[in-house]
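Okay, so here's the structure we're looking at.
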Amino acid sequence: MLFIMVKQAYISNVLSVSTVGELSYGNKEFVNSLPKDKIAFKDLKRTIVLINNALPDMFYYLKEPIIPATTNMLESFYSRLKADYRRHRGLSQKHKIQYLKWYCFLKNNNIS
């Protein structure tokens with residue numbers, strides 16, 4: 001229930017539903033007043049499309065408690081992986097793949 005309420009609140013506060021049923025940014029006049037050839041307009045349109053595509057899956061973390069609300073833990077894992085991987089420069093392609101498999105196996109089995 002909370003999942004649906006948060007999703008609806010987000011849609012009503014940030015996005016508005018057009019007559020076609022497609023989501024668009026609430027301040028449509030401002031978006032349309034921007035010069036069409038400027039980078040800001042293109043970035044804003046790209047952002048609107050990105051949010052529209054992500055919206056169906058955006059709030060699953062509220063429904064499933066096992067899903068974290070942020071990606072901090074995942075980003076931390078990749079940051080440590082990259083730092084450890086840099087220490088092993090000069091590996092062949094085969095050994096790089098083996099190292100990454102070993103690293104992920106070791107970290108997933110909570111062996112420190």
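Each reported figure results from applying straightforward, stated rules to the coordinates on display, with no laboratory input. Keep in mind the model is a prediction, meaning the values are calculated, not measured. We place every Cβ from the backbone using ideal geometry, glycine too, and count neighbours over all the protein chains shown.
Placing R0 at 30 angstrom, the Cβ-Cβ distance between Leu100 and Ser76 gives a FRET efficiency of 0.95 after rounding to 0.05. Converting phi to 3J(HN,Hα) with the Karplus coefficients 6.51, -1.76 and 1.60 and the offset θ = phi - 60°, region 47-59 yields 5, 4, 5, 4, 5, 4, 6, 7, 4, x, 10, 6, 10 Hz in sequence order, with x at every glycine or proline. If R0 is 41 Å, the Cβ-Cβ spacing of Ala54 and Arg89 corresponds to a FRET efficiency of close to 0.70.
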